[in-house]
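The values are calculated or read from the model by the stated rules, or taken from the named source; none is laboratory data. Since we're looking at a predicted model, the values are computed, not measured. Quick reminder, even Gly has a Cβ in these numbers, built from the backbone with ideal geometry, and neighbours come from all protein chains shown. Surface accessibility is based on the protein's heavy atoms, side chains included, excluding ligands, DNA and RNA. Shrake-Rupley method; radii C 1.70, N 1.55, O 1.52, S 1.80 Å.
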Amino acid sequence: MGPDFNALAIFALVAEERSFRAAADRLGVTRSAVSQTIRRLEEGLGIALVQRTTRSVSLTEAGERLYAEVAPALAEMRAAIETTGHLRGRPRGQLRLAVSSIAERFLSGPFLASFAEANPEIQLDVTVTDEECDIVAEGYDAGVRLGEVIQQDMIAVPVAGEERQIIVCAPSYIQRFGAPAHPKDLSAHRCVGWRPAPRVAPYRWEFTEQDREFSVDVRPEITTNDMALMIKLAVAGAGITCGLEESFRPWMARGALVSVLSEFCPPFAGFYLYYPSRRNLAPKLRALVDHLQRYRWADQS
């Protein structure tokens with residue numbers, strides 16, 4: 001018997017949703033129909049793919065491996081079918097994006113609002129996350145991250161110009177503890193650090209001196225995954241913190257934060273919208289790429 005591509009597609013939905021009911025709702029069928037399809041697929045393969053409990057659904061090792069193999073191919077087929085079906089119509093459907101929490105310009109209200117207004121048949125689903133993920137395997141159409149961490153096999157479109165990571169603190173902190181003269185002095189200061197997710201080491205602060213790049217392990221007094229909290233703590237004088245200049249600019253403009261060690265913080269390549277290389281780009285994603293390019297042009301004129 002040949003492979004059951006319909007069953008594989010249903011299995012991929014279950015893997016994405018981690019729920020039989022959610023997969024059934026997306027397909028417009030009963031939960032029982034989804035469960036029976038998965039059971040027949042497992043029987044045909046002779047191995048369990050899904051672990052079921054009354055509260056959750058997870059994949060077995062075999063299921064994880066199968067999903068990792070079939071997800072890219074299914075994404076390609078969906079894109080091809082969607083492209084063919086929409087050749088004569090406007091871009092439509094759900095557009096799933098994984099966006100870094102510090103991609104300020106992309107996440108700005110005006111940009112996303114103007115895209116939604118221009119494309120009323122597209123439903124935007126934006127997940128703000130700083131965890132590393134395979135956007136194809138996770139079912140996203142595209143992602144937005146700093147250019148330096150995007151895989152080379154992806155198509156990348158600039159969101160804006162260069163970015164600059166800077167070090168800031170409140171004037172009150174400098175009055176109490178003084179300002180560091182060199183990044184190595186940070187080890188003697190109270191710092192507020194950032195980590196992208198639990199069980200991940202705090203981000204190492206990066207600097208450049210005489211064209212030589214180096215990083216500093218600051219051992220922060222306070223660590224969080226929320227930039228808004230980092231800013232609040234820095235403004236309150238809790239310590240020195242690090243982030244993109246754009247994130248701090250409003251507080252710097254009114255004197256609540258000041259930059260230190262600026263001579264060690266050169267600009268670097270900024271954020272990019274990225275997606276897998278495909279011959280047939282889905283109209284909904286093409287609409288986003290085109291809107292981004294027009295928006296950047298209008299913003300810089």
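In the chain, a dipole from Cβ-located charges (positive for Lys and Arg, negative for Asp and Glu) runs towards its positive end, and of Phe268, Gln151, Ile122 it is Ile122 whose Cα lies farthest in that direction.
Round to a whole number: what % of the accessible area of the chain belongs to carbon and sulfur, probe 1.4 Å? So the carbon and sulfur contribution to the accessible surface is 49 percent.
Packing, as the average of other Cβ atoms within 10 Å across residues, places the peptides 264-271, 58-65, 93-100 in the order 93-100, 264-271, 58-65, highest first. The order of Trp251, Trp194 by accessible area, most exposed first and with a 1.4 Å probe, is Trp251, Trp194. Ser108 exposes around 30 Å² of accessible area when a 1.4 Å probe is run over every protein chain in place. Based on the Cβ-Cβ distance from Ser114 to Ile155, what FRET efficiency comes out when R0 is 30 Å, to the nearest 0.05? Computed FRET efficiency for Ser114 and Ile155: 0.85.
The structure shown yields Cα extents along the principal axes in Å, and of the options [x] 86, 44, 30; [y] 74, 46, 33; [z] 67, 52, 37 that calculated value carries the label [y].
Computed from Cα atoms, the angle from the helix 283-300 axis to the main principal axis of the chain rounds to 20 degrees.
Net charge dipole, the range 1-78: roughly 360 debye, given to the nearest 20, about the Cα centre with Cβ charges of +1 for Lys and Arg and -1 for Asp and Glu. Calculate how many DSSP beta bridges within the chain are antiparallel, expressed in % of all such bridges and rounded to the nearest 5. Looking only at bridges with both residues in the chain, the antiparallel portion is about 65 percent.
Counting 0.36 nm for each residue step from Glu221 to Asp25 and taking away their Cα separation leaves a gain of 66.0 nm. Remark: the chain carries a charge dipole of roughly 800 debye about the Cα centre, counting +1 on each Lys and Arg Cβ and -1 on each Asp and Glu Cβ. Annotation: peptides 201-207, 119-125, ranked by per-residue average of other Cβ atoms within 10 Å with the highest first, follow the order 201-207, 119-125.
The charge dipole of the range 101-176, taken about its Cα centre with unit charges on the Cβ atoms of Lys, Arg (+1), Asp and Glu (-1) only, comes to about 560 debye. Per-peptide packing, taken as the mean over residues of other Cβ atoms within 10 Å, places 173-180, 149-156 in the sequence 173-180, 149-156 from highest down. Normalised per residue, the accessible area of the chain is 55 Å², obtained with a 1.4 Å probe and no contribution from ligands, DNA or RNA.
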